C-alpha cells in the first residue's frame, strides 16, 4: 500500500538543464482528435448528505485508518500539474456543449481522448480546479501514473483506497461503512480485498451527492477494465470524467460518442503557451511569428513534442526539427552518456534523488565494488551534464525522473521493434538484475562495526542509496526467474550477503532495514536500528521465507547454513511467516527440509493459524497434509478455525471442520469461532458452524458471546439466526455488557426491537454504560440521525426501562444526556420522571456534567427543574467551581442567580475563587468578589486564591486579589505562601509586587522552606538579589536543602553561590 513520496512536477527542471526554454512544461490543450463520451446515469442531488453521513470516532481511529490504507495521494499530482499550466489555456472546455451538459447532469461519464503528450493531464487538472471551487459538490480525483514503479498508482487497489479516503473521511470524521471495514480487518492488522474495498466504496458513495470524480490517464492504468467494473457500481451516484489516449473499453453504460475533430482549440492553447515561454526573449516580431508557426505545424496535437524542442540557434534549427516525438527521443538517446541510468528510472521502486544517482554511478558492476571517489562530479556540482533533459529531468526537490510518461513507453516498447537496440539494450529482467546487483554491492560495504551512525538522517546523508538498497534488493531479485542467466550474478551476491548470520554485512543490512514486519510492505516503518544486538536478529531462513527468495532459501537448506526452525520475530519462524505471506513454494520447500509444521510461537501461534487467517486455502491444505494439528491452541485467534472464521473464508472453515477442528474450542481474541464469524458478519460461516453444533451461548472473548458480537457489528440477519438457534438474549459479559446495550450504543433500532421482541431485559445492568437506556443516549455515534436515537430511547422507555437506573460511566441516563449536550433528550427524560439530582458517575450529577461541557441551555433547563445548584460531587466539587475554572461567564452568572454558594468549600481548587484565579479569568474573579467571595478562603490545591494566581503566572489576577485585601502572608498550599510561590515560579515582577504589599521575606514553610531557598534552587539570580536587598535571612534553615546556599550548590548555580557567600560576609561584618 505504500506510495513513493515523489514530486509529480515531472517536467519542471533547473535552469541549467536546458539552454533554450527556461522551464518547459505542457499546458492544457484541445488536441485535434479528442473524443468526449456522455452516458446516461442517474443520481440524487442533496449536498447536505455529504456532511450528514459522516460518523465521528476518536482521532486515533481516523489517523489509524489513513495509515492503514497508506493510499496514493493524488494532490501531489494535482499541485504539480497546476504549476505547469499556462494561464488561460484549456478554458475552452468549460464552454464546450458536452462538458456543460455533463456538469448540469446528475450522473454520467465524460470521456476525453487525446494522443500522447497532448496535455490531457493538465486539462483534467483544469476541470478539477473548477469543481473544487464549487462548495455545493464533492470533488474527488485520481491520477494514474505508470512512472511510479511501485505500481500502486497504476492499479485498481490504489484507486479504490484513495477514493475511499477522499469520500469516506472528513477531518476527524469517518463514514460508518469505512469504519466497519477497518474493524472487520482486525483494526488494520489485515489488508482488505479488492472486493471489500469496492463494496465499501459503493456503500460510502450512496449517501453523497452530488459527487464528481475525475480520473486522469486511464491509459496508464494497468487494470483499466477492472477499474471500470468497480466504478460501474457508482453510476447512480457519481459524475465521472476520464482522460485517456484510447477509446473507452469499459463496463460503463456508454450510450453515445461525440468526436471533436476541429483543431482550433489546440492551436489557440499552443499559441498562448509559446507566447508565455518566449515572452522573455527579445525577438523581432517576424522571427517570433516564424518560430510559433513552425512549432505549431510540427506539434501535430502534441504539446510534449513542443516541450522537447529548444529555441537555440532558432531560425536554422527550425528547418531541422525532428519530425516525430520518437525521432526526438532517438536523437536524445544518441547524446546521452549514462544510458544505464535509464534502467533505474524505468524500473526502480521509488523516485531517485540526485544523491542516490551519484552513488549508483559509483558502483562498478564488473569489479563488484562501490567506490565513493567515482561519484559523479557533475552531479555533485549540480550541473547534471550527463543527462539529456529531453529524456530525464531534475525537479526542484532534486528528484531525478523521466521527463514524461511517453519516454518510458519509448524505452520499453520501441526497443522491442529493434529500432534502438544498438543504443540501449533494455529489458525488464536485465534491468532488475543490474539494479539488484548494484544494491547488493552497495550493501557489502557495511562490513565493519560502528559503520552506521546513530542518526538515520546522518546515515542518509553519508549513504544516500543505503536505505533503498536494503529495502528493495529482494523485490528486484523476486522479479528474476530462476532459469534466467540474468539471475545468477544477483543470486551469487545475495547468497554472499546472507550465507552467514554472524557476518557484519548481513547484520548491518538488518540494522538498516529489517524485513517482514507487516502484511503490506517489507516493514511497518524503515526500521533503522544501528545498535540492534546481533543476537536478536532472526535467522536467514526467516527473512528469505518472508521475502519469497526461493532459490536462496533452497541454497541455504541444501548447504545447511541455518536452523530451519529457529524462533523469533513477529511471525515466530520461517514456516509461519511464509504461510502468512502466501509463499506456497517456500512452505513446500521448508516442509520437505524438516520444517516443524506444529512449531509454536509468533503472532498467530503456528503456521496453520497464520495461513487460515490470511485465507490461503492451498497452503492450509498443504500444512494439513503434513500433519498440522488442526486444534493446537495459541496465537492471536486461539486456533486456526477462529482465524479462518474471522477472515471470512468459508472454504477454509469447511476444510478445517472436515479435518476435525473443534468447533467450540475456546481462547483467542473472539473466544471461539462462532463469535469471530458473527463479528465479521459472515452469515454463511455462522450457519455452517451452527450446523456443526457450535455452542450458541458459549461465553468468552471480546464481545462475550456471538449474539453480542453480531449486534455490535449491526448484522441483523445474523442476530435473527442466532436467536433462532436459542441464543441467550440476556447473556451478560463482553465489551457492552449485553446484546441490547450493544444495539443501543450503536443507535440500531431494528436490532433493539428484535432483541426486545425476544424478551431482552431492558434494565439489565453492566458494561461501560450501565444499562441500555444510558447506552442509547451515550452513543458515540453523534452523526447517526438524532431521530433514530430519540426513537430508540422511546422504544426502551415504552418497554419500562428504569429512567433512573444507576451505573455505568455516566451514572445515569440524565447525566449522559446532559454531558452529550442533547437538550431534547434531557427534556424527554425529565418528562419521564428522571431524578434531576441523582448522584454518581464520572461527573457526580447531571448539572455538573452539563456545566463541565459548558452546555448553557441544559444547565438552565436542569435548574428550572429543581437541580441542586450547590450539590457536591465530581472533580471540581460543585457546579460553581466547575464553571469558574472552565471560564464560562454566563453559567457562573446563571448559577449565582440560582443561589449558588460562592464560598462553598471542596473540590480540587477548594472554592470557586481559587479555581477562577488559577484559570486566569479576570471577569469571573471580579464577578465572584462582587458576590462576596472570601478572598482569603483556605484550602484546595494552592491553599488560597492568591497562590493559585501566582502559580498560574497571572499577575493581573494577583493584583485584583491584593486590591481586595488578599492576605499576602497567608500560609498554606504547596509553596507555603505567596512569596515562595512567586520565587519558585521565577517571576521577578510578581516577587516585586508582593514585597510592595509587605510580604514577609522570611516566612517559613512550603516545599522549599522559604522564598530565598526557592529562588536559589531555581537559579534566579535577579530574584535572589531582590530578596537579599529586602533583608532575607540567609541563614534560615529548612526543607530538604537545609538553606539557600546548599540549594544553589545542589543545582550548580555558581553565580548564586557567590552572591549568597558575599552577602554572608557583608552580614558578618
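Details
- Failed item, numbered, when residue 1040 is tested on (1) more than 25 Å from residue 918 (Cα to Cα); (2) in a loop (DSSP other than H, G, I, E, B); (3) touching a residue at least 24 places away in the same chain (Cβ under 8 Å): (3)
- Which listed residue, of 452, 504, 462, is modelled with pLDDT of 90 or more and more than 33 Å from the chain's Cα centre (by Cα): 504
- Test: residue in region 1015-1028 that is exposed (fewer than 15 other Cβ atoms within 10 Å of the Cβ), assigned to a loop (DSSP other than H, G, I, E, B) and out of contact with any strand residue (DSSP E or B) (no Cβ under 9 Å at 6 or more places or on another chain): no
- Residue check, residue 117 modelled with pLDDT under 75, part of a loop (DSSP other than H, G, I, E, B), in the same structural domain as residue 185 (by TED's automatic domain parsing) and touching a helix residue (DSSP H, G or I) at 6+ places or on another chain (Cβ under 9 Å): yes
- Scanning region 70-105 for residues that are part of a loop (DSSP other than H, G, I, E, B), touching a strand residue (DSSP E or B) at 6+ places or on another chain (Cβ under 7 Å) and either modelled with pLDDT under 85 or over 27 Å from residue 160 (Cα atoms) (or both) gives a single hit, 105.
Quick grid of which residues meet (1) over 25 Å from the mean Cα position of the chain (by Cα); (2) under 30 Å from residue 637 (Cα atoms); (3) touching a residue at least 40 places away in the same chain (Cβ under 8 Å):
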{"position": "129", "(1), (2), (3)": "yes, no, yes"}
{"position": "153", "(1), (2), (3)": "no, no, yes"}
{"position": "205", "(1), (2), (3)": "no, no, no"}
{"position": "213", "(1), (2), (3)": "no, no, yes"}
{"position": "224", "(1), (2), (3)": "yes, no, no"}
{"position": "230", "(1), (2), (3)": "no, no, yes"}
{"position": "236", "(1), (2), (3)": "yes, no, yes"}
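- Only one entry in 656, 688 is surrounded by 24 or more Cβ atoms within 10 Å (Cβ to Cβ) and modelled with pLDDT of 95 or more, namely 656.
- Those residues of region 637-648 which are part of a loop (DSSP other than H, G, I, E, B) and in contact with a helix residue (DSSP H, G or I) (Cβ under 7 Å, 6 or more places away or on another chain), in sequence order: 637, 639, 648
Condition check ((1) in contact with a strand residue (DSSP E or B) (Cβ under 9 Å, 6 or more places away or on another chain); (2) in a helix (DSSP H, G or I); (3) buried (at least 22 other Cβ atoms within 10 Å of the Cβ)) across all residues:
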site	(1), (2), (3)
178	yes, yes, yes
188	no, no, no
191	no, no, no
195	no, yes, no
201	no, yes, yes
208	yes, no, yes
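- Test result for residue 1004, touching a residue at least 24 places away in the same chain (Cβ under 8 Å), in contact with a helix residue (DSSP H, G or I) (Cβ under 7 Å, 6 or more places away or on another chain) and either under 16 Å from residue 979 (Cα atoms) or crowded, with 18+ Cβ neighbours inside 10 Å (or both): no
- Boolean, residue 727 is outside any helix (DSSP H, G or I), under 25 Å from residue 756 (Cβ atoms), out of contact with any strand residue (DSSP E or B) (no Cβ under 8 Å at 6 or more places or on another chain) and at pLDDT 95 or above: yes
- Number of the exception - residue 942 against (1) over 19 Å from residue 884 (Cα atoms); (2) under 46 Å from the mean Cα position of the chain (by Cα); (3) not in a helix (DSSP H, G or I): (1)
The values are calculated or read from the model by the stated rules, or taken from the named source; none is laboratory data. If you're wondering where the values come from, they're calculated on a predicted model, not measured in any experiment. In this analysis, Cβ positions are derived from the backbone assuming ideal geometry, glycine residues included, and neighbour counts consider all displayed protein chains.
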